[in-house]
Amino acid sequence: MRFDFSNLCTLRDTLGQLMERYEEDEDAFRQFYDAVAEKTLCPHSIGPIRIYNGSDAVLEYIRWFYATTPSVSLDDCTDALYLRLEDKISCSYGEQIDLPTICHVLTIVDDLFSFSQKLHPISISIIDAEMDGRNGESIAVFGDDSCSGAIFLYRMWNDFGGRFTPATVLLHELGHQLHFHLTGALRRLPESFYAFLRQLGADDTNASDADMLELFADTFLLAVIHKTKEFGDPFPEISEKIKEHCYSYIRNILPTE
C-alpha cells in the first residue's frame, strides 16, 4: 500500500483506508510504521533547531505522535493518530508561516537572548493543515539530564480578530519550549515566574495550571515584542512598562553571554 505523507489531510485519508485494510491484513499498521521509520528527513538547521516543511513535516509529526502517545501497542497508537486527525484536522487556506519568517524570528530571539545556543534541540514543523482549536503546538520529551522539543505550526485557525500572526504564534510556542528547558517538565513553571507576577501586582489565585502555562509563553512573546513590533503586537492594551518588565524577567532567567 502506498502511504501519502504530502500533508495531514491526505494522511488522514490514507489512514482511513488503512483502517479498512486492517480487517483483512493485521500487519497493515506495521507496514505503515516501517514506511514512516525508513524515510530520511532533510531539515533546514539553525544550530540545534531543525525546521521541516512538506512531507518531512508530516513525518516528523507522526514520529513525535508515536514518541509521546502512551500506548500498549503500535496498533493502538496508529488508531489514536487516525482518530486525532479525523476529529481535528481540516484542509484550509488560512495564513501559514514560511521558512524565511521562521529564520527571521529565530535571528531576532538569538540577538536578544542567544536563544538557540542555550536551549535544547528543537524541531519546528510547518504543517499544511488547520488544527481545530490550535494555531500551534509544543511538546517535549525528557531524559535524565536532557530535553528534546518539537513545535508544530498549523495554518491559522484563529487570529483572534487580527491580533496574532504566524510569527507571534511561533514566539508564543518558543515560550513554551523555554519553560520545558527551565523546569524539565511539561506542566511545571519556574518558581521565579510566580514571584515575577507578584511583583507586577498580578493576582493568579483563580488561574488554572493551563492558564499559567499560557501566561508564561505570552510573557516570552511580550519580552520580544517590547524590543520589536515588526511581527505585530497581539496585546496593545498591555503597557510598554509591563512589556519592559517581561523583557527584564526573560533576560534574568536566560541571561545573554
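Which residue, Asn206, Asn135, Asn158, tops the fluctuation ranking in a GNM of the chain built on C-alpha contacts under 10 Å?
Among Asn206, Asn135, Asn158, the largest mean-square fluctuation in the Gaussian network model of the chain belongs to Asn206.
Quick one: dipole size for the chain, taken about the Cα centre, charges +1 on Lys/Arg Cβ and -1 on Asp/Glu Cβ, in debye to the nearest 20. It would help to have the intermediate numbers written out before the result.
Working: 21 positive and 42 negative charges, 195 e Å.
Dipole size: approximately 940 debye.
On a 0 to 90 degree scale, rounded to 10, what angle separates helix 74-88 from the longest Cα axis of the chain?
60 degrees
Taking H as built 1.01 Å from N, whose amide H comes closer than 5 Å to the amide H of Ile122, not counting residues under 5 places away?
Those lying under 5 Å, H to H, from Ile122 are Ile49, Arg50, Gly149.
Hey, can you find the accessible area per residue of segment 147-257 for me, probe 1.4 Å, expressed in square angstrom? Don't jump to the answer; show the numbers that get you there.
Numbers: 5170 Å² over 111 residues.
Per-residue accessible area for segment 147-257 comes out at 47 Å².
Starting at the first residue of segment 121-133, write each ³J(HN,Hα) from the Karplus equation 6.51 cos²θ - 1.76 cosθ + 1.60 with θ = phi - 60°, in whole Hz, x for Gly and Pro.
Using θ = phi - 60°, the values come out as x, 10, 9, 10, 10, 8, 9, 7, 5, 9, 9, 4, x Hz.
For Lys88, which lysines qualify as cross-link partners when the Cα separation must be under 30 Å and same-chain residues fewer than eight apart are set aside?
Lys39
Run the reach check for Lys241 against aspartates and glutamates, Cα to Cα strictly under 20 Å, same-chain hits fewer than 8 apart removed. What comes back?
Asp203, Asp204, Asp218, Glu230, Asp233
Compute the separation of the alpha-carbon centres of segment 94-125 and segment 220-246 and state it in Å as a whole number.
Measuring centre to centre over Cα atoms gives 17 Å.
Please report, in debye to the nearest 20, how large the charge dipole of segment 1-147 is about its Cα centre when each Lys and Arg carries +1 at its beta carbon and each Asp and Glu carries -1 there. Before the final figure, lay out the partial values.
Numbers: 11 positive and 27 negative charges, 114 e Å.
Magnitude of the dipole: close to 540 debye.
Would you work out the relative contact order for segment 108-257, in percent, from Cα pairs under 8 angstrom that are 6 or more residues apart?
Numbers: 197 pairs, mean separation 33.5, N = 150.
Worked out over segment 108-257, it gives 22 percent.
What's the carbon and sulfur percent of segment 1-59's accessible surface, probe 1.4 angstrom, rounded to a whole number? Write out the running numbers ahead of the final one.
Details: 1290 of 3170 Å².
Answer for segment 1-59: carbon and sulfur cover 41 percent of the accessible area.
When we measure straight from the Cα of Lys118, which aspartates and glutamates land under 14 angstrom away, once same-chain ones fewer than 8 places off are left out?
Straight-line reach from Lys118, under 14 Å: Asp110, Glu257.
Taking R0 as 30 Å, what FRET efficiency do you get between Ala210 and Asp111 from their Cβ-Cβ distance, rounded to the nearest 0.05?
E between Ala210 and Asp111, to the nearest 0.05, is 0.45.
Rank Leu81, Thr205, Leu254 by how far each Cα sits towards the positive end of the charge dipole of the chain (+1 on Lys, Arg Cβ; -1 on Asp, Glu Cβ) and give me just the farthest.
Result: Leu254.
Under 5 Å between amide H atoms, partner at least 5 residues away or on a different chain: which partners does Gly136 have, H built in plane at 1.01 Å?
Counting only residues 5 or more places away or on other chains, the set is Tyr154.
Using only the alpha-carbon atoms, how far is helix 99-113 inclined from the longest principal axis of the chain? Give it as 0 to 90 degrees, nearest 10.
Long axis of 99-113 versus the principal axis of the chain: about 40 degrees.
How much area per residue is accessible in segment 19-116 when the probe is 1.4 Å and only protein heavy atoms are counted (Å²)? Don't skip to the end; give the middle numbers.
Details: 5160 Å² over 98 residues.
That works out to 53 Å² per residue.
The values are calculated or read from the model by the stated rules, or taken from the named source; none is laboratory data. Computed from a prediction, not measured in an experiment: that's the story for all the values here. Please note: Cβ atoms are built from the backbone with ideal geometry, for glycine as well, and neighbour counts cover all protein chains shown. Areas reflect the complete protein model, heavy atoms only, side chains present, ligands, DNA and RNA absent. Shrake-Rupley method; radii C 1.70, N 1.55, O 1.52, S 1.80 Å.
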